[in-house]
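Before any comments, here is the structure.
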Amino acid sequence: MDVYKKLEEYTKRMDHKIKISLCIDENINKAYQDSLNDWQRFRPEYISSSLIPNLSDLVTTGDVPILDDHLMIRARDEGKIVKGIETAAEFNMHFDGLRSDLKTYWLNVMLDIDTEEDTEFMIRCYRYSLDDALEMPEKEHHKCPESELMAYVKTHIMDNRNKKMAERIDNLLRNEPNHHYFFAFGNAHFLGEDSVVDLLQQNGYKVTRVE
C-alpha cells in the first residue's frame with residue numbers, strides 16, 4: 001500500500017475515533033478534527049512529527065487529555081500566560097534540509113508505530129534515569145534502516161533545538177529572576193548528553209529530578 005493511501009485510511013480512522021472520544025476540551029477536539037480535514041495541505045514532516053503522535057495520544061488516553069493539552073487547559077483556567085519556547089516556524093525550519101524521500105520514509109514509519117507500546121517505551125526510558133535511558137535496548141521500529149535520517153534527526157531535530165531551547169530558558173531565568181516558570185518538553189529532550197537538562201547544568205543550574 002502506498003503512503004498516500006495508508007495516510008488517507010489513517011486519517012479516516014482517527015476522525016471517527018475523535019468524534020466519539022470524551023476529551024475534556026471541545027476546542028482541542030475541534031482543532032484536531034480541523035487538522036484531519038486539511039491533512040493534504042500539510043508537509044509530511046509535520047504530519048510525522050506532530051499530527052500523528054498527538055492524534056494517537058488523544059485517542060489512546062480517551063477521556064483524559066494528553067499532557068500538552070492538559071497543561072494548556074490548566075494554565076488557561078488559572079489565568080496564566082502560555083507561550084512556546086520555540087515558534088511553529090522555527091520548529092518546521094529544522095526539516096528544510098531533509099530530503100523528500102526521507103520525509104516520506106519517516107511518515108511511513110510513523111504510520112506503522114504502535115503508539116501505546118511506544119508510549120510505554122518512552123516512560124520506561126524516563127524512569128530508567130536521565131543519563132542512562134538512551135542506552136536501553138531499542139525496539140525494532142526505533143532502528144531506522146536509513147542511518148542518514150537518524151543522523152539528521154539527532155543533529156537538527158534534537159541537538160540544535162535543545163541548544164536553542166536551553167539558551168532561551170537561561171535568558172528568561174536570568175532576565176526575570178523573580179518570576180516562576182514551568183517548562184514542558186517532549187521526553188526525548190530530557191534524555192542523554194546535550195539534552196535541555198544537560199545544557200542547563202553546564203550553564204551552572206542545579207536540576208533536581210522529581211520522582
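Would segment 124-132 turn up any residue that is surrounded by 14 or more Cβ atoms within 10 Å (Cβ to Cβ), at pLDDT below 85, outside the structural domain of Gly204 (by TED's automatic domain parsing) and not aromatic (Phe, Trp, Tyr)?
Yes, some residue in segment 124-132 is surrounded by 14 or more Cβ atoms within 10 Å (Cβ to Cβ), at pLDDT below 85, outside the structural domain of Gly204 (by TED's automatic domain parsing) and not aromatic (Phe, Trp, Tyr).
Can you report the number of residues in segment 66-84 which are within 13 Å of the chain's Cα centre (by Cα) and among the hydrophobic types (A, V, I, L, M, F, W, C)?
Number satisfying all stated conditions: 2.
I'd like to check something: does segment 156-174 contain any residue that is small (Gly, Ala, Ser), modelled with pLDDT of 85 or more and either assigned by TED's automatic domain parsing to the domain that holds Trp39 or under 18 Å from the mean Cα position of the chain (by Cα) (or both)?
yes
Select from segment 175-202 the residues that are part of a loop (DSSP other than H, G, I, E, B), over 17 Å from the mean Cα position of the chain (by Cα) and surrounded by 13 or more Cβ atoms within 10 Å (Cβ to Cβ) and list them in ascending order.
The answer is Asp194, and nothing else.
Please determine, by comparing only the residues of segment 99-114 that are in a helix (DSSP H, G or I) and of a type in the set (A, V, I, L, M, F, W, C), which one is surrounded by the most Cβ atoms within 10 Å (Cβ to Cβ). First the steps, then the outcome.
Of the residues in segment 99-114, the ones in a helix (DSSP H, G or I) are 100-112.
Add one more test, that the residue is of a type in the set (A, V, I, L, M, F, W, C), and what stays is 102, 106-107, 109-111.
Details: Leu102: 19, Trp106: 23, Leu107: 21, Val109: 16, Met110: 21, Leu111: 16.
Within segment 99-114, the match that is surrounded by the most Cβ atoms within 10 Å (Cβ to Cβ) is Trp106.
The values are calculated or read from the model by the stated rules, or taken from the named source; none is laboratory data. Since we're looking at a predicted model, the values are computed, not measured. For neighbour counting, all protein chains shown are included, and Cβ atoms are generated from backbone atoms with ideal geometry for every residue, glycine included.
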